[in-house]
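Working notes, structure below.
The values are calculated or read from the model by the stated rules, or taken from the named source; none is laboratory data. Quick caveat: nothing in here was measured; it's all calculated off a predicted structure. Virtual Cβ from ideal backbone geometry, glycine too; neighbours counted across all protein chains shown. Note: areas computed on protein heavy atoms with side chains; ligands, DNA, RNA excluded. Shrake-Rupley method; radii C 1.70, N 1.55, O 1.52, S 1.80 Å.
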Amino acid sequence: MKNKRNNKLLFDLYNFLERVILFLFRKILCLIGRTYCFIKGVEFGKNLRTHGIPLVAKHRDASIIIGDDVVLNSISRFNFAGINHRVILAAPAARSRIYIGQGSGLSGAVIHSRSSITIGRFVNIGANTMIYDHDFHPENHIERRGNVTSSSIKTCPIIIEDDAWIGANSIILKGVHIGKGAIIGAGSVVTKKIPAYTIWAGNPARFIKEIKEVTF
């Protein structure tokens, strides 16, 4: 019994020290992450939390705007879903626009825009989700052999409305509009419009069921 009691005390002490260290570590990471985003030309609101340093690639004329209380999580220690890499925000073209609304959270997600990607308020984007508003390469195989101009690549804006939830490892492709409160199952590939308050899953994503809208 005495050994059990001692082990419990040691366990509690370890947990307490770990929480203190993680709290301080998180504060330092947020300060470094916000400084990095500022230097890279990202506009952000109050209380941006960067757990780990995101990777930002931005054309000088592009815009990346982040609302209040957004979380960019790039470290598995703060999300045990299994993050494979840092959050990536890429806006490589002059017309690129990325907007992330208030209270949204991303874990190891890739947001890559040559046109426009708009993410609403309180959107949950699961670990390793990829959101692309373009094809990266042209359809013509001859064009793919050489230096490709951005005009050869198809693009179409993406909109994800408020309160949507995108499951881990999903892929959202160009032209997709995900409605308010919709849920995308983990590992899905979304290629078309998703109505509000519905669940879709699979490759390609298929309708599963409707869900009830909750009002306050």
- Ordering Asp135, Asp61 from largest to smallest accessible area (1.4 angstrom probe), what's the sequence? Asp61, Asp135
- Query: With every protein chain left in place, what is the accessible area of Phe16 in Å² (1.4 Å probe, nearest 10)?
  - Reply: 110
- Heavy atoms only, probe 1.4 angstrom, no DNA, RNA or ligands counted: give me Arg121, Arg206 ranked by accessible area, highest first. Arg206, Arg121
- Round to the nearest 10 and report in Å² the accessible area of Lys180, as given by a 1.4 Å probe over the protein chains' heavy atoms. 80
- When the chain is treated as a Gaussian network with springs between alpha carbons less than 10 Å apart, the largest mean-square fluctuation among Ile21, Ile119, Ile142 is found at Ile142
- Item | Nearest-20 debye value, region 11-67 charge dipole, Cβ charges on Lys, Arg, Asp, Glu | 160
- Any idea how far the Cα center of region 164-185 sits from the one of region 34-89, in Å? 19
- Rounded to whole Å², per residue accessible area for the chain with a 1.4 Å probe reads 57
- Query: What is the gain in length, in nm to one decimal, between Tyr36 and Arg60 on full extension, counting 0.36 nm per residue of separation less the C-alpha to C-alpha distance?
  - Reply: 7.1 nm
- Fraction of accessible area attributable to carbon and sulfur, the chain (%, probe 1.4 Å): 58
- Query: Helix 2-39 versus the longest principal axis of the chain: what is the Cα-based angle in degrees, 0 to 90, to the nearest 10?
  - Reply: 30
- In nm, what is the difference between 0.36 nm times the number of residues separating Ala196 and Val20 and their Cα-Cα distance? 59.3 nm
- With all protein chains in place and a 1.4 Å probe, Val20 shows an accessible area in Å² (nearest 10) of 60
- Task: For Ala81 and His141, calculate 0.36 nm times their separation in residues minus their Cα-Cα distance, and state this gained length in nm to one decimal.
- Result: 17.8 nm
- Sequence-distant residues sharing a close amide H with Thr198 (under 5 Å, placed H): Ala182, Ile183, Ile211
- Expected 222 nm ellipticity per residue - DSSP helices of 4 or more, -39500 (n - 2.57), all of the chain, to 500: -7000 deg cm²/dmol
- Just Arg145, Arg77, Arg95 to compare: in a GNM of the chain, with alpha carbon springs under 10 Å, which one fluctuates most? Arg145
- Which lysines have a Cα lying under 21 Å from the Cα of Lys174, excluding residues fewer than 8 positions away in the same chain? Lys58, Lys154, Lys192, Lys193
